[in-house]
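The values are calculated or read from the model by the stated rules, or taken from the named source; none is laboratory data. All of these numbers come straight from a predicted model, not from anything done at the bench. Positions of Cβ are backbone-derived with ideal geometry, glycine not excepted, and every protein chain shown enters the neighbour counts. Ligands, DNA and RNA are stripped out before the accessible areas are found, and what is left, the full protein with its side chains, is counted by its heavy atoms. Shrake-Rupley method; radii C 1.70, N 1.55, O 1.52, S 1.80 Å.
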Amino acid sequence: MASIKFWDNRNFNRRYPRDYGFIRTMYITLFLYLVVWPAGLLFYGTRIKRETGLERGKRYIFTSNHQSYIDAPLISMVANRPVAYMAKEELFSHKSQLIQFLVISLGSFAVNREKPEKATMKTIIDIIKHTKWSIGIFPEGQQAKDTHNFDEVKGGFISIAKMAKMDIVPIAICGFSGYTIIPFRKKMKLKMGEPISYKLSEDEILQKWKDFMNKEVKDV
């Protein structure tokens, strides 16, 4: 039987301001409070710790280590605001229809990791100029379930932050040990660090980001 798709075959490298309007913003908000937050507590015992509060109405570049398919909703839960995620192209044609649906419906946009397209940059510019959404990036570029070598992370996300004039917020996802549907068996912590000013030099930003991630993730 042919698989059923709930979306067209468009190029998701290019998304438009209309993709981040009121309806999707409300959808994201309801999804976070009615699905992500209860599931996070029930199945993963999720705890959130913030070093500092974020300015209300201000947009940021949210960045995190990458361990699973649930990372993006978890980051949005910590951010407590709509976040458009840069996601690898392969997710938009994933064999799981559920993953495809969630990636697309939650407002992610695609990037070719080998050869980024101009369409992706145009999408980022549109989000920055014409929406109230923040941007989410996984600097590692791929999932690393057990080991993280943050010292090898490059500064591409910093270039985006400087272009957007948006501070970078590091978030450490700690204690993820696999998916589960069994309640109260997991303990996971989400630690949000202080925003890193985009006005700092690229080297300073990258070092601050690495220092935070190395401390919070590797010390678990």
Report task. For the chain, report the accessible area per residue in Å² (1.4 Å probe, heavy atoms, rounded to an integer). Result -> 55
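Rounded to the nearest 5, what is the percent of antiparallel bridges among the DSSP beta bridges in the stretch 1-148?
Values: 0 of 9 bridges.
Percentage antiparallel, nearest 5: 0.
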Report summary line: Cα-based Debye curve of the stretch 169-220 sampled at q = 0.17, 0.32 Å⁻¹ gives log₁₀ I(q)/I(0) of -0.60, -1.21
Report task. Could you pull the accessible area for T131 with a 1.4 Å probe, rounded to 10 Å²? Result -> 20
Query raised in the report: How big is Rg to Rh over the stretch 100-220, alpha-carbon atoms, Rh as the Kirkwood inverse-mean-distance radius?
Result: 0.98
**Report entry** HN-Hα J in Hz across the stretch 149-159 - Karplus 6.51, -1.76, 1.60, θ = phi - 60°, x for Gly and Pro
**Finding:** 10, 5, 5, 8, 5, 8, x, x, 5, 6, 4
Query raised in the report: In the chain, with Lys and Arg counted as +1 and Asp and Glu as -1 at Cβ, which of these residues, I61, I158, V103, has the Cα nearest the positive end of the dipole, that is, farthest along it?
Result: V103
Query raised in the report: If you build a Gaussian network model of the chain, linking Cα atoms that sit under 10 Å apart, which residue out of P183, P17, P82 swings the most?
Result: P183
**Report entry** Listed residues G175, G193, G57, most fluctuating in the chain (Gaussian network, C-alpha, under 10 Å)
**Finding:** G57
Report task. On the full set of protein chains, 1.4 Å probe, figure out the accessible area of M86 and give it in Å² to the nearest 10. Result -> 40
Query raised in the report: What is the ratio of the Cα radius of gyration of the stretch 42-134 to 2.2 N^0.38 Å, where N is its residue count, to two decimals?
Result: 1.17
Requested in this report: Please list, in chain and number order, the residues 5+ apart from V169 or on another chain whose amide H is under 5 Å from its amide H, with Hs placed from the backbone.
Outcome: I61, F62, T63, I196
Query - Amide H contacts of K186 (H built 1.01 Å from N, under 5 Å, at least 5 apart or other chain) - result: G45
Report task. Please state the charge dipole magnitude for the chain, taken about the Cα centre, from unit charges on C-beta atoms (+1 on K and R, -1 on D and E), reported in debye and rounded to the nearest 20. Result -> 620
Report summary line: Here the stretch 160-170 yields Karplus 3J(HN,Hα) values (6.51, -1.76, 1.60; θ = phi - 60°; whole Hz; Gly and Pro given as x) of 5, 4, 5, 4, 7, 6, 10, 5, 9, 10, x
Query - P(r) tail fraction, the chain - alpha-carbon pairs more than 30 Å apart, % - result: 19
Report summary line: Residue separation between K187 and S201 times 0.36 nm, minus their alpha-carbon distance, gives in nm 1.4 nm
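Please work out how much length the chain gains when fully extended from R113 to F22, using 0.36 nm per residue of separation minus the C-alpha to C-alpha distance, in nm with one decimal. Walk me through the numbers before you get to the answer.
Numbers: separation 91, 0.36 × 91 = 32.76 nm, distance 2.99 nm.
Between R113 and F22, full extension yields an extra 29.8 nm.
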Query raised in the report: Direction-averaged shadow area of the convex hull around the Cα atoms of the stretch 122-167, nm²?
Result: 4.0
Report task. Considering only I196, I125, I181, give the residue with the highest GNM mean-square fluctuation for the chain, with springs between Cα atoms whenever their separation is below 10 Å. Result -> I181
